[in-house]
Amino acid sequence: MTRGQPIGATCEARLSLVESAAMPPDVVLGELGSSVDGLSDQEAGTRWTRCGPNAIRLHRASALRVLGRQIGSPLLLLLAGTAAVSVFVGDAVNASIIAVILLLGVGLGFTNEYRAERTASRLHDRIRHTTVVVRDGAPTEVDVTRLVPGDVVRLKLGQVVPADLRLIAVNGLECNESIVSGESAAVRKRAETSTGASTVTDLPNCALMGTVVTAGTAEAVVVATGSDAEFGRIARGLGEREPETSFQKGLRRFSLLLMRVATVLSGAILITNLLLGRGLLDSVQFALAIAVGITPQLLPAVVSTSLAAGSRTLAKAKVLVKRLVCIEDLGDVDLLITDKTGTLTEGHITFDEALDPRGAQQPDVLRLALLASDVGIGPDGTVAGGNEMDHAIAVAAPQEVISGLGNSPRLAERPFDHVRMLTSVVIGGPGPTRTLVVKGAPEAVLQRCVGPVDGTSETVLQALFARGARVVAVATREVAGDAQAPLEIGPQDEAGLTLAGFVTFTDRPKSDAAAALVRLAELGVGVKLATGDNPLVAETVCRQLGLEPAGTLTGVEVEQMDDAALTTAAEQATIFARIAPEQKARVVRLLRRNGHAVAFLGDGVNDALALHAADVAISVDTATDVAKDAADVILLDKGLDVLADGIHGGRRIFANTIKYVMMGTSSNFGNMFSAAGASAVLDFLPMLPGQILLNNLLYDASQLTIPTDRVDEAQLRRPSHWDIGFIRRFMLFFGPISSVFDFLTFAVLLGVLHAGPEEFRTGWFIESLATQTLIVLAIRTRKVPFWRSRPSTPLLVGVFSAVSVGFVLPLTPVGPMLGFTALPAEFYLALILMIMAYLALIEFGKRWFYSAAAPEISPPPRGREHRVQRRAARFTLPHLK
């Protein structure tokens, strides 16, 4: 990653955040060369050219960095050591072979990894954050990376603060500043001048980059961007190393396993050859070749190719993966917790009816709801702003209601937040009175009412919920005092209300949601619903989609349970209704601790905590900033079918990666063990170091086509993850089979065909390359190859090309330079028969191995590791990539 340009290094720093806090807003604007009308487009462009993007890090593929990783590989250092020994002993041919292998290995690895990085860069470029900025006196939406000092921005609920800001005007603004202060409680903000602060986190009239708006709205001026912002300095100090995922940890542990085997085996070979009286340099060279031969040199390239190809496929399916290695985690998911709106339902809310407390039609309730809505209605009737419910109310309101809004000016407002679940406004009137209008979740409104809330109202409400309607309650009370004087609405004001009635909405179930639920079930993924809606509404929607609720827990019930009781209840429940953000996160953590790989799908600020707690955090491109920042995976189309595509793709990618791993642990280990055994009993080296390395390169190159291979549906119907114990058992079962067959080949070459050293090396090179390359056709599936499970065409071409090179190479002029010799026809016939017998034996061994193990070798449930670093790493702006 490359750094974003530090602001202080390229543009004049006019104010520090502490200095701006001690000045009135108009003075701050003047010092920054701005005004309440913001900057002009021309001035903003000039400043952006001078200051650079509002970014800490930019995702850009770096060819030099990728090349450096390839050159610094321990496997490459082993090869280089072997080449150096060859040069030292004057073996120019072997040194040349190793040099070619080095170039080809580095070239293949570099090409595939660089391609993967470019894919990741393009994916990040598709994930955008925008903010509303006042330019030339008019609000406009711009990418957050285009912000410059002096820009006037508008903040709203759920937004991640895009830069360090000095607040100009505030309306109930609260920010969660835990990312910079460590304190989880929201901080109430104001615009008045503040002095005497010791740190930037003590500034109540400033909003810091990376913090989250949890309530209210505000207008503010940008003081610092990019690396000059407080969060920019913190992020710059943390460095650029991203925490490991479980996929990367599995790869690392697998590599360490093979490195330990290689160390022990090569050490034993070295000692054995020295005891047999062979030269030190020849023994060292052969031992190094064995060590390199047993290690999967192109595993990083195979993994990069798989992930890059998979990410492109998922992107076409409208699934963007922010980190390629998270694809495996997506395939590991066995439990999905999702919201309801837009996922199970269409997400297009339409106004249904306005009712009084007894269920009769009451148009005035619609007027009150509209007064408490945060929408703008133009002269031509166009509606702008507000949430979906507010928009639906405004669209449905009669013209006479809209025309009369001017007679009821809004004097004060307390915006919605996910704790109160209310919006409150104070409306002035033509007389000396003013009215408080409160609109929100029915439970939250009713508990604040003292008027005629009787059994009839409750019955009406439950009937509305039972039919699946979304309901907003509206209540009012008169407010004493000057009808035109502004005031601030506090918690104490939202009490003593009189219920005015209910406004109902329709959000129909998605037509394809039922099929998507069936598909997820076929993939072995359980689905649970976490919603802020009423339990009856959630249950009705689930039943309409064929998902029969096994149980429902409300937020109140969740709060009353200890962890043990909640874990048991959460396993059984299908729905979590009227659940608070902290409760969602607690449920996710407990289910993970109980052995599930949990994905959470959410798009609101109230989902952020649960997204951070999940194994795989999933959001949508239309989500709030904080939800997109917390996500590992972004869906371009919010739907369970798209998510099922992602899970299916993740499992396919992992399955193909494991194929290469299985080959490396069986054929590589078996062949190198055979070489070690043969060197102890023969009076010549069974294969020259250069021949071993060439064999390994041809084998590895043929496997670069594995990412294109088909995967059996049975493998896609269960979560996929690393199981080092299973890999070790696989190696210890199939490795010896390979070695036993190698020794049989040795017996035929020496005892039947009476091969000399060159003929022996040539024959075993061909047999070794063919068996370890062709075995992928058997182990790629648990079914009968070709008959019940067909490999992909690129894989077949790659495999048979490598085998053909092995057969033809000794017959070419290059063969003698490599230590090969042309073999008589009977040698080729014997080798072909041996190869066919080996593949048949492997097929029978495969059936016995899988039948003796647990069905489908599915590992038992296990506790998931707490990925603290990864959760923390998610909590950053996309433009802080």
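Before moving on, here are some points about what is shown:
- Annotation: average projected area of the stretch 576-690 is 11.5 square nanometres, based on the convex hull of Cα atoms across all directions.
- Two-decimal log10 I(q)/I(0) for the stretch 708-791, as the Debye equation yields it once each C-alpha is a single scatterer, q = 0.12, 0.20 Å⁻¹: -0.53, -1.01
- Cβ-defined net charge surrounding SER666, 14 Å radius [Lys, Arg +1; Asp, Glu -1]: +3
- Charge dipole (debye, nearest 20) of the stretch 582-666; +1 at Cβ of Lys and Arg, -1 at Cβ of Asp and Glu: 520 debye
- Exposure ranking of HIS612, HIS391 by accessible area [1.4 Å probe, largest first]: HIS391, HIS612
- Semi-axes of the equivalent ellipsoid of the stretch 499-605 are 23, 20, 12 Å, computed as sqrt(5λ) over the eigenvalues of the C-alpha gyration tensor in descending order.
- Residue-normalised accessible area of the stretch 401-478, given per residue in Å² at a 1.4 Å probe: 40 Å²
- Descending Cα extents along the principal axes, the stretch 597-642, whole Å: 24, 23, 14
- For THR624, solvent-accessible area (1.4 Å; no DNA, RNA or ligand), Å²: 40 Å²
- Counting only protein heavy atoms and using a 1.4 Å probe, the accessible area of MET817 comes to about 120 Å².
- Within the assembled protein chains, the solvent-accessible surface assigned to VAL681 is about 120 Å², based on a 1.4 Å probe.
- ILE271 sits among other residues whose Cβ lies under 15 Å from its own Cβ, and their net charge, with Lys and Arg +1 and Asp and Glu -1, is 0.
- For LYS156, LYS340, the ranking by accessible surface with the largest value first comes to LYS156, LYS340, using a 1.4 Å probe.
- Part-to-part distance (alpha-carbon centres) for the stretch 516-538 and the stretch 331-359, which is given in Å: 12 Å
- With every protein chain in place, the stretch 433-590: carbon and sulfur % of accessible area (1.4 Å): 54 percent
- Listed residues TRP722, TRP848, TRP764, TRP787 arranged by accessible area, highest first, probe 1.4 Å: TRP787, TRP848, TRP722, TRP764
- Apportionment of accessible area to carbon and sulfur, the stretch 595-639, percent (1.4 Å): 52 percent
- Accessible area of the stretch 510-631 divided out per residue, in Å², using a probe of 1.4 angstrom: 34 Å²
- Highest-first packing order for the peptide set 504-511, 488-495, 563-570 is 504-511, 563-570, 488-495, based on the mean count of other beta carbon atoms within 10 Å.
- Taking Cβ atoms as reference points and 11 Å as the exclusive limit, the residues near ALA822 contribute a net charge of -2, counting Lys and Arg as +1 and Asp and Glu as -1.
- J(HN,Hα) series, the stretch 135-150, from Karplus relation 6.51 cos²θ - 1.76 cosθ + 1.60, nearest Hz, glycine and proline x: 10, 6, x, 10, x, 9, 9, 10, 5, 5, 5, 8, 5, 9, x, x
The values are calculated or read from the model by the stated rules, or taken from the named source; none is laboratory data. Keep in mind that this is a model prediction, so the values were computed, not measured. Glycine gets a Cβ as well: all are built from the backbone with ideal geometry, and neighbour counts include every protein chain shown. Ligands, DNA and RNA are excluded from the accessible area calculation, which covers all protein heavy atoms including side chains. Shrake-Rupley method; radii C 1.70, N 1.55, O 1.52, S 1.80 Å.
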